[in-house]
Amino acid sequence: GTAAEREAARGPYLGVARGGVFGARSSDASGRAALDALERAGLRLSAVDAAVAERWDDLEAYRKERPDGVRFLAANVTRDGAPVLPAYEVVEASGMRVAFVGLTAPSAQASLRESGGKGFAVGDPVLALESLIAELREKADVVAALGDLAAADLSRLSQAMRGLDLIIGDDDTFLTVGPAPSSTLEQDDRPGFSNAFPPVRLHHPTLDVLSLTRTPDEGRFDWRIVHEATTLDDSLNPSAGYPEP
């Protein structure tokens, strides 16, 4: 909550997650308490990972109670052959249309079947995105994939998925001391159907912030992506009403 308040003071931001939004059983908050806190902190979109799949009843109850709350996205999750959640969401941000696509790792299928019942299937995330990419490029200026994916799928997305811009799906090492590293990626004259930038490596425990600038340049755009992270350590006092992570 404190880190989100600081970020909000810098300007508008959109909170997204790869999953895990119901917290861990060892956390001070889990289930709806964790999700409600993240929503208050600015979370708006989340993919479905194995941890969310384990809480499918909580997910469905939340969606009924809070239809305008956090939107869950899953492009490759079906039940009896039909989609169970929206595949993507297009949002307006600082004059840009950004499409976020939720991708679920196939390893989450067992959790879905245990918590949600029969009929659930998790398809190939790369093939699911491939079937959507032309539609997404028509609707959005930026296409970003959200998901807690295996290294092999991250590699396939990076190397073969032309038209995808950002992959928010990789993990960095745990941080124990010192500030979280920052990084900058740039590309001039980037066409619409390029290969994705290298997967964004998210740290833990941090609030990771991506800032994207697209500058018109003779029919194409120059891109600049800055990745910063605020370490959630004892230097941040928890805001009132927010459980500690």
Distance in nm between label sites at Lys118 and Ser26, each 7 Å beyond Cα in the beta-carbon direction?
3.7 nm
Please list 3J(HN,Hα) in residue order for segment 2-7, calculated via the Karplus relation 6.51 cos²θ - 1.76 cosθ + 1.60 where θ = phi - 60°; whole Hz, with x for glycine and proline.
5, 5, 5, 4, 5, 5
Surface accessible to a 1.4 Å probe, per residue, for the residues of segment 70-116, Å²
43 Å²
Mind listing the long-range amide H neighbours of Ala17? Cut-off is under 5 Å, sequence gap 5 or more, other chains count too, H placed in the peptide plane at 1.01 Å from N.
Leu45, Ser46, Ala47
Above 26 angstrom, tally the Cα pairs of segment 68-202 and express them as a % of all pairs, no decimals.
28 percent
Val226-Val91 pseudo-label distance in nm [points 7 Å out on the Cα-to-Cβ vector]
1.9 nm
At q = 0.12, 0.16, 0.25, 0.27 Å⁻¹, what log₁₀ I(q)/I(0) does a Debye calculation on the Cα points of segment 94-155 give, no solvent, two decimals?
-0.38, -0.61, -1.04, -1.11
Which value results for Rg/Rh of segment 133-173 when Rg is the Cα radius of gyration and Rh the Kirkwood radius based on the inverse mean 1/r?
1.00
Averaged over all directions, how much area does the convex hull of the C-alpha atoms of the chain cover when projected, in nm²?
13.3 nm²
How far apart, in nm, are two points set 7 Å out from the Cα along the Cα-to-Cβ line at Asn195 and at Ala9?
4.2 nm
Under 15 Å, Cβ to Cβ, from Gly163 - net charge with Lys/Arg +1 and Asp/Glu -1
+2
For segment 1-55, compute Rg over Rh where Rg is the Cα radius of gyration and Rh is the Kirkwood radius from the inverse mean 1/r over Cα pairs.
1.00
Cα-only Rg/Rh for segment 132-226 with Kirkwood Rh rounds to 0.99
Here P(r) for segment 19-104, Cα-Cα distances in 10 Å bins, as whole percents, is 17, 49, 28, 6, 0
Going residue by residue through segment 133-141, the Karplus relation 6.51 cos²θ - 1.76 cosθ + 1.60 with θ = phi - 60° gives ³J(HN,Hα) values, rounded to whole Hz and with x marking Gly or Pro, of 4, 5, 4, 5, 5, 6, 8, 9, 8
Given a 1.4 Å probe, how much area per residue of segment 119-245 is accessible, in Å²?
53 Å²
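The values are calculated or read from the model by the stated rules, or taken from the named source; none is laboratory data. Not measured: the values here are computed from a predicted model. Every residue, glycine among them, receives a Cβ derived from its backbone with ideal geometry; neighbour counts consider all protein chains shown. Accessible surface areas use protein heavy atoms only, side chains included; no ligands, DNA or RNA. Shrake-Rupley method; radii C 1.70, N 1.55, O 1.52, S 1.80 Å.
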